[in-house]
Amino acid sequence: MLIGLAIGSVALFAAAVWLAAPKPPYRPADVGPRQPGAHAMSEPAPDDPSAVAARVASLCQQGRQLVAQGQLQQALILLLEARRLDPSSTEVRQYLSNVYYMTGQLELALAEVEEALDLEPDSQLFQQNAAALRRQLSERAESAER
């Protein structure tokens, strides 16, 4: 529990540093017109599970790198794409939850952890994260009422 709190503190500090830094506007890569029947590089053939898994793994790795660089919004875009491609990935949902947490979006962080819990109900990590997020949301609501 203490490790989670320490990581959370570091994450909050990283998020604060990131929020204070000036950023260029996000502009998606320019993709040219597609040939009929061709898939864009970011869109693997839905009937090829290994291609989808490889694309999701690549998006997660790129997302982690962006988080490490403090580029949380860009990481969020990639991780949302990974979730779209593989909604049953608890790994993707955990990464999304972390980024939502780092950006102060606790409700969305909790929603991702709860989805991960639905997929892996015995996961102690997801149970602990959900409990911590519920506690923080409750504390936030109590302080707002004052």
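What list of ³J(HN,Hα) couplings, whole Hz, do you get for segment 108-120 from phi and the Karplus terms 6.51, -1.76, 1.60, once you set θ to phi - 60° and write x for glycine and proline?
5, 4, 5, 4, 5, 5, 5, 5, 4, 5, 4, 7, 9
Per residue of segment 54-61, what does 6.51 cos²θ - 1.76 cosθ + 1.60 with θ = phi - 60° give for ³J(HN,Hα)? Whole Hz please, x for Gly and Pro, Karplus curve as stated.
5, 5, 4, 4, 5, 4, 5, 4
Apply the Karplus parameterisation 6.51 cos²θ - 1.76 cosθ + 1.60, with θ equal to phi minus 60°, to every residue of segment 90-100 and state each ³J(HN,Hα) to the nearest whole Hz, in sequence, with x for glycine and proline.
Values, residue by residue: 6, 4, 4, 5, 5, 4, 4, 4, 4, 5, 4 Hz.
Specify, per residue and in Å³, the volume enclosed by the convex hull of the alpha carbon atoms belonging to segment 61-113.
Numbers: hull volume 3.2 nm³, N = 53.
Hull volume normalised by residue count: 61 Å³.
Out of the trypsin sites (Lys or Arg not before Pro) in segment 111-143, which ones are loop residues according to DSSP with at most 16 other C-beta atoms within 10 Å? Spell out each step's value before the answer.
Details: sites: 134, 135, 140; in loops: none.
Qualifying residues, ordered by number: none.
Sorted by average packing, counted as other Cβ atoms within 10 angstrom per residue and highest first, what order do 121-131, 93-103 take? The partial results should precede the final answer.
Details: 121-131: 14.5, 93-103: 23.5.
Ranked by mean Cβ neighbours within 10 Å, highest first: 93-103, 121-131.
What is the sum of charges, Lys and Arg at +1 and Asp and Glu at -1, for the other residues whose Cβ falls under 13 Å from the Cβ of residue 105?
Values: positive: 140; negative: 107, 112.
With Lys, Arg at +1 and Asp, Glu at -1, the neighbours total -1.
Quick note: the coordinates plus some simple rules give every number you see, no bench work behind them. Predicted model only: the values in this text are computed from it and were never measured. We place every Cβ from the backbone using ideal geometry, glycine too, and count neighbours over all the protein chains shown.
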